[in-house]
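I have placed the structure first, in the form of structure tokens, so that the comments after it can refer back to it.
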Amino acid sequence: MCGIIGYVGREEAAPILLDGLSRMEYRGYDSAGIAVRSEDAGLQVRKSRGRLQVLSDMVHGGADLKGTLGIGHTRWATHGEPNDINAHPHVSENGKIALVHNGIIENYLELKEHLIKQGVKFQSDTDSEVVAQLLEFHYHECGNMLEAVGRCLRRIEGSYAFGIICADYPNALIAARKDSPLILGYGKDGNFIASDVTAIIKHTRDVVYMDDGEIAVVTADHIDVFDDEMIPVEKTHSHVDWDVSSAEKGGYPHFMLKEIFEQPEAIRKTISPRIRDGRVVLDDLHLSEEYVQGLSRIFIVACGSSYHVGMVSKYTWEKLLRRPVEVCLASEFRYGEPLVDEKSLVIVISQSGETLDTMAAMREAKRLGGRTLAIVNVVGSSIAREADDVLYTWAGPEIAVATTKAYSTQLALMDLVGLYLGDLLGTVSSQEYQAVIEAMGRLPDQMQQVLDHVETIQYHACQYFNHDSIFFIGRNLDYAMGLEGSLKLKEISYIHSEAYASGELKHGTISLIEPGTLVVALGTYAPLFDKAMSNVVEVKARGAEVLAITTERFQEKMEKTADSTVVVPDTHAIVQPSLGVVPLQLFAYYVALQRGCDIDKPRNLAKSVTVE
Ligand code: AGP
């Protein structure tokens, strides 16, 4: 979603801003812009619809815009179509104030009407321009930019991360945040603001995470942070220890493929420190045995692929915990009057830790007295900081919009947490406990085995990429895994696809199966393999072409019925989806490649969805 960068220092700002924006391209955007202040030219603003390259070419890589203070933005349209005018930065009517904004100003129409009555003329359809104009209004009123920002923030409702520069303040940029991420970066030759650490990691690893309601005044040598009453705040610095190369393609044609291949290592990093002497050790989880025994409800709340992890975990946790587990879409949960109380554990899963719906759902759960545990990838993200407990998936930065390694590490971590809770509850036998632990230990190598046979999937993708509609069917854990396989395919190849519980097909959807329809049949869940096979036979009888994913144990049986079969190693049923999902990710990738899609930046999608 939208990306923000700001710089003030001793270097030329424009090339730094463009480079920072390029590192956030993965987030998804439709237009981009920068504003740079110089002594001679005042505020210079350039913006353009389309790829960042268009903007970069327009300003010759930044060489055209002189000045050491500036802000930049990549926009993902919410209010107003993606065009040059609606792109950020937005400039106030007198041309003195430029602003970039992430989030949504909910009362913008009311404020806009008020300003129009004062004679203000608007250029764009955005909610963000309203704030630029409102700032000018208050600046005119009080003559002090910081005070004007404070007055403005008291009037707006909604979510925001702002980067603001003013022609009258040559040495400072102002930042403010509420419900939209913003970090402050301390560099050698200047300081930064950014919505995403990847934008500035090339320049600094010394960062401060802004909290809701805070305002920062950033100069080349100093950063002051204030709370919403303008009282100075002492902030804790964090060191970003990401390897810069993880945000680069490292020889792979796409981030997605690189991240698929990084999965064995990512899983290893996530699980190894948490398995000691054959036991799950979760040092960061502070749930007493008494609390777990007294739990009345367990919710898993998330969006998209993270929700699909929840769907898999519902099956595995109910087996391990012998307790009902409710999986909810965060956007539904937050407004659905959920039955959360003091005895409820609410697990929120989020790669980015910034998904607004998930964050709002978590806050709702806390408001209702529930205890929250976040499974998050991005260290220091908003969800991680607000949850009662947080367990990080150590997947490293995930750049491709379509998640792969974050999904896998979430799944592996959820298996460990399930095992841990099952052990506390006494609902897992010691044999099963040990069997799952052993299977988890084998997982990275077995995953590598699947990746070593990538050419099989490439072959099937070449065979099937021309289909317009693809069904994923399976039972139990295979059904949950199919949800993710279907989403991956939709996201990046734009092929219509649905995932169905095999047994449900005959209640309606089977009417869509006709000669030539491609069905991806998932037959890795051993206890229901024979049932799943009968559904494969059903779709075959109606002319479907079947691409099956199964395990070595069932290969022979499956090959007798399916048109094509991909085989993954056998493992414990609970761990099996972690292996089964890999061919589905690769299939989506190679199908999208055959169709010439923009794999890392699929249309209309954003990496981190920070609006409702
Ligand atoms: C997955 O490929 C998607 N990009 C999307 O569904 C994603 O999983 C969802 O938006 C949730 O994101 P989060 O994990 O960062 O909260």
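The values are calculated or read from the model by the stated rules, or taken from the named source; none is laboratory data. Keep in mind it's a predicted model, so treat the numbers as computed, not measured. Using ideal geometry, Cβ is built from the backbone for each residue, glycine included, and neighbour counts are taken over all protein chains shown. Remember, those area values only see protein heavy atoms, side chains included, never the ligands or the DNA or RNA. Shrake-Rupley method; radii C 1.70, N 1.55, O 1.52, S 1.80 Å.
Here are the numbers for the structure shown:
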quantity	calculated
Residue in segment 77-85 that is open to solvent by 20 Å² or more (accessible area, probe 1.4 Å), at pLDDT 95 or above and assigned to a loop (DSSP other than H, G, I, E, B) present	no
Segment 449-482: number of residues that are under 25 Å from GLU265 (Cα atoms) and crowded, with 22+ Cβ neighbours inside 10 Å	7
Long-range neighbours under 6 Å by Cβ, at least six apart or interchain, first residue at positive phi within segment 138-161, second open to solvent by less than 30 Å² (accessible area, probe 1.4 Å)	GLY158/ILE105
ASP415 being over 20 Å from the mean Cα position of the chain (by Cα) and not in a loop (DSSP other than H, G, I, E, B)	yes
ASP206 farther than 19 Å from ILE231 by Cα, outside the structural domain of MET359 (by TED's automatic domain parsing) and open to solvent by 40 Å² or more (accessible area, probe 1.4 Å)	yes
Condition check for ASP389: open to solvent by less than 10 Å² (accessible area, probe 1.4 Å) and touching a residue at least 40 places away in the same chain (Cβ under 8 Å)	yes
Restricting segment 263-286 to residues that are aliphatic (A, V, I, L, M) and part of a helix (DSSP H, G or I), the residue that is surrounded by the fewest Cβ atoms within 10 Å (Cβ to Cβ)	ILE271
Pairs, first more than 19 Å from ARG475 (Cα to Cα) in segment 313-330, second away from the ligand (no atom under 16 Å from the Cβ) and assigned to a strand (DSSP E or B), C-beta under 7 Å, six or more apart	ARG323/ILE298
Residue check for TYR433: modelled with pLDDT of 95 or more, open to solvent by less than 30 Å² (accessible area, probe 1.4 Å) and not β-branched (Val, Ile, Thr)	yes
Subset of segment 388-419 (residues that are over 17 Å from ASP196 (Cβ atoms), of a type in the set (A, V, I, L, M) and within 11 Å of the ligand (Cβ to nearest atom))	ALA402
Residues satisfying the stated conditions in segment 173-203, i.e. surrounded by fewer than 23 Cβ atoms within 10 Å (Cβ to Cβ), in contact (Cβ under 8 Å) with a residue 40 or more places away in the chain and in a loop (DSSP other than H, G, I, E, B)	GLY187, ASP189, ILE201, LYS202, HIS203
Lone qualifier among ALA501, ALA480, ALA521 - being within 16 Å of the ligand (Cβ to nearest atom) and either more than 23 Å from ASP600 (Cα to Cα) or aromatic (Phe, Trp, Tyr) (or both)	ALA480
Subset of segment 227-247 that is surrounded by 14 or more Cβ atoms within 10 Å (Cβ to Cβ) and within 20 Å of the chain's Cα centre (by Cα) - its residue that is modelled with the highest pLDDT	VAL240
Entirely in segment 485-587, the strands (runs of 3 or more DSSP E) that have 3 or more residues that are open to solvent by less than 40 Å² (accessible area, probe 1.4 Å), among the β-branched types (Val, Ile, Thr) and modelled with pLDDT of 95 or more	545-551, 564-568
Test result for PRO15, open to solvent by less than 10 Å² (accessible area, probe 1.4 Å) and either at pLDDT 95 or above or more than 26 Å from HIS254 (Cβ to Cβ) (or both)	no
Matching residues, segment 134-155, being more than 16 Å from ILE174 (Cα to Cα) and buried (at least 19 other Cβ atoms within 10 Å of the Cβ)	PHE137
Residue list for segment 287-308, restricted to those being within 16 Å of the ligand (Cβ to nearest atom), without any contact (Cβ under 8 Å) to a residue 60 or more places away in the chain and part of a helix (DSSP H, G or I)	TYR307
Residue match in segment 440-461 (condition: farther than 30 Å from THR372 by Cβ, outside the structural domain of ARG274 (by TED's automatic domain parsing) and within 16 Å of the ligand (Cβ to nearest atom))	no
Test result for TYR169, at pLDDT 95 or above and not aliphatic (A, V, I, L, M)	no
Residue check, HIS73 at positive phi and either open to solvent by 40 Å² or more (accessible area, probe 1.4 Å) or at pLDDT 90 or above (or both)	no
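For (1) away from the ligand (no atom under 15 Å from the Cβ); (2) within 30 Å of GLY158 (Cα to Cα); (3) assigned by TED's automatic domain parsing to the domain that holds GLU491, each residue gets a yes or a no:
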{"position": "GLU545", "(1), (2), (3)": "yes, no, yes"}
{"position": "LEU584", "(1), (2), (3)": "no, no, yes"}
{"position": "ASN604", "(1), (2), (3)": "no, yes, no"}
{"position": "GLU612", "(1), (2), (3)": "no, yes, no"}
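Yes or no, residue by residue, for (1) outside the structural domain of GLU259 (by TED's automatic domain parsing); (2) touching a Pro at 6+ places or on another chain (Cβ under 6 Å); (3) within 20 Å of ASP570 (Cβ to Cβ); (4) of a type in the set (S, T, N, Q):
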residue: PHE472; (1), (2), (3), (4): yes, no, no, no
residue: LEU483; (1), (2), (3), (4): yes, no, no, no
residue: ILE492; (1), (2), (3), (4): yes, yes, no, no
residue: ILE495; (1), (2), (3), (4): yes, no, no, no
residue: GLY503; (1), (2), (3), (4): yes, no, no, no
residue: HIS507; (1), (2), (3), (4): yes, no, no, no
residue: GLU514; (1), (2), (3), (4): yes, no, no, no
residue: THR524; (1), (2), (3), (4): yes, no, yes, yes
